[in-house]
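J.: Have a look at this one before I ask anything.
The values are calculated or read from the model by the stated rules, or taken from the named source; none is laboratory data. A quick note: this is a predicted structure, and the numbers were derived from the prediction, not measured. Counting neighbours? That spans all protein chains shown, and the Cβs are built from the backbone with ideal geometry, glycine included. Keep in mind that these areas ignore ligands, DNA and RNA; they rest on the heavy atoms of the full protein, side chains included. Shrake-Rupley method; radii C 1.70, N 1.55, O 1.52, S 1.80 Å.
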Amino acid sequence: MVSSMIHCAKHPSGYAELVIDRPQARNALCVALTDAMAQTLERLREDSETRVVLLRSEGDHFAAGADIREMLDMSAETARATDFAGCCVALGDFPKPVIGLVQGYALGGGCELVEMCDIVLAAENAVFSHPEISLGTMPGAGGTQRLPRLIGTAKAMDMLLSGHRMDAIEAERCGLVSRIVPPDRLLEEGREYASGLAALSGTVLNSIKKAVRASMEMPLKEGLKLERALFHQTLGLPDRQEGMRAFTERRKPLFNAT
Ligand code: HXC
């Protein structure tokens, strides 16, 4: 544990549960919290027992964005000198699958964290918004770049320019959310999902994530090349041999044995 605002528990099935725990401030992302998250992710990145990360928050809301009190008197020079919001890069660049569980508000920087997740399970009461404009500022942790790639420019402009709040249904319809679940099932569904992924080949999960992420950055031809190279790589993996052998032997595969 690196901060009381971030907890991390490793599950024996191969996933780590990363918990934002500042519910009294609606899980506002103060610098101490995002620093602790970055440090924890750094550790999980190297941890061979962790194949998947489940990101969730304590309380009724996912996260109300960057800490407005901390930003109140921050000058542009200080923001530049400290690379304010740069710490969120740790989640955006994380190489293993991240499942985000969202209940209540995911606002501003909180919505940006959601945009960095690979799978998003949203409770029926989830609300997504970028209200930065109403504070006289704008997203600084990827909102203007990831959101349009995820949901298209028309929907992203609507959210970013007007602060429009999206409910879970709209968010699922436009591709920000993978699945909607009842609020009282969110944690259970998330843990089941994480356990299921963690039982698959960690190496191949990371390759799929890498290829899909590349589709947001690369021209199609380059992305197809990368995909082919990663696919060919899987043919040399013990996990691939195990997966196909298990199929022919009519048994469940046992991945990640090496
Ligand atoms: C600091 C926050 C906060 C925030 C809530 N709180 N959001 N503190 N930064 N972003 C604190 C309140 O000050 C209050 O503290 C306590 O949490 C409860 O908040 P309430 O407003 O009383 O709760 P509620 O009525 O339930 O409303 C919840 C809310 C609202 C809708 C989430 O708090 C809200 O609109 N918050 C701001 C959301 C926002 O604008 N986010 C964008 C931030 S800019 P006290 O001490 O009074 O109990 C941003 C830029 C990102 O994210 C840039 C890159 C990272």
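J.: Can you confirm whether segment 193-211 contains a residue that is closer than 22 Å to residue 99 by Cβ, of a type in the set (Lys, Arg) and outside the structural domain of residue 111 (by the TED database)?
T.: yes
J.: Among the residues of segment 85-108 satisfying the criterion of being surrounded by fewer than 19 Cβ atoms within 10 Å (Cβ to Cβ) and not in a helix (DSSP H, G or I), which is farthest from the ligand (Cβ to nearest atom)?
T.: Only one residue fits best here, namely 95.
J.: While we're looking at this one, here's another question. Look at residue 214 and say whether it is crowded, with 18+ Cβ neighbours inside 10 Å, of a type outside the set (Phe, Trp, Tyr) and assigned to a helix (DSSP H, G or I).
T.: The answer is no for residue 214.
J.: Residue under question is residue 197, and the condition is that it be out of contact with any Phe, Trp or Tyr (no Cβ under 8 Å at 6 or more places or on another chain) and either in a helix (DSSP H, G or I) or under 22 Å from residue 88 (Cα atoms) (or both); does it hold?
T.: No, not satisfied.
J.: Of everything in segment 219-253, what is among the hydrophobic types (A, V, I, L, M, F, W, C) and either under 22 Å from residue 53 (Cβ atoms) or open to solvent by less than 70 Å² (accessible area, probe 1.4 Å) (or both)? Give them in sequence order.
T.: Result: 226, 229, 230, 237, 246.
J.: Please verify whether residue 40 is within 16 Å of the ligand (Cβ to nearest atom), part of a helix (DSSP H, G or I) and either within 15 Å of the chain's Cα centre (by Cα) or in contact (Cβ under 8 Å) with a residue 40 or more places away in the chain (or both), treating the condition exactly as stated.
T.: So residue 40 does not fit the description; no.
J.: Continuing with the same structure: List the strands (runs of 3 or more DSSP E) inside segment 119-192, counting only whole elements, that have at least 2 residues being open to solvent by less than 30 Å² (accessible area, probe 1.4 Å).
T.: 119-123, 127-129
J.: Look through segment 57-84, keep the residues that are in a helix (DSSP H, G or I) and open to solvent by less than 70 Å² (accessible area, probe 1.4 Å), and return whichever of them is nearest to the ligand (Cβ to nearest atom).
T.: This residue is 71.
J.: Related question: Taking segment 1-29 only, how many residues are in contact with a helix residue (DSSP H, G or I) (Cβ under 8 Å, 6 or more places away or on another chain) and at pLDDT 95 or above?
T.: So the answer is 15.
J.: Any idea which residue in segment 44-56 is farthest from the ligand (Cβ to nearest atom), counting only those that are open to solvent by 10 Å² or more (accessible area, probe 1.4 Å) and under 16 Å from the mean Cα position of the chain (by Cα)?
T.: Only one residue tops the list, namely 51.
J.: Also: Looking at segment 109-118, which of its residues are more than 8 Å from the ligand (Cβ to nearest atom) and either open to solvent by 10 Å² or more (accessible area, probe 1.4 Å) or over 11 Å from the mean Cα position of the chain (by Cα) (or both)?
T.: Result: 117, 118.
J.: Say we look at segment 1-25 and pick out the residues that are surrounded by fewer than 20 Cβ atoms within 10 Å (Cβ to Cβ) and in a loop (DSSP other than H, G, I, E, B); which of these is farthest from the ligand (Cβ to nearest atom)?
T.: By that ranking, first place goes to 12.
J.: Could you please tell me which pairs satisfy a Cβ distance under 9 Å, a separation of 6+ or placement on different chains, a first residue in segment 1-25 that is outside the structural domain of residue 59 (by the TED database) and without any contact (Cβ under 8 Å) to a residue 12 or more places away in the chain, and a second residue that is outside any strand (DSSP E or B) and not basic (Lys, Arg)?
T.: Hits for this filter: 1/36; 1/40.
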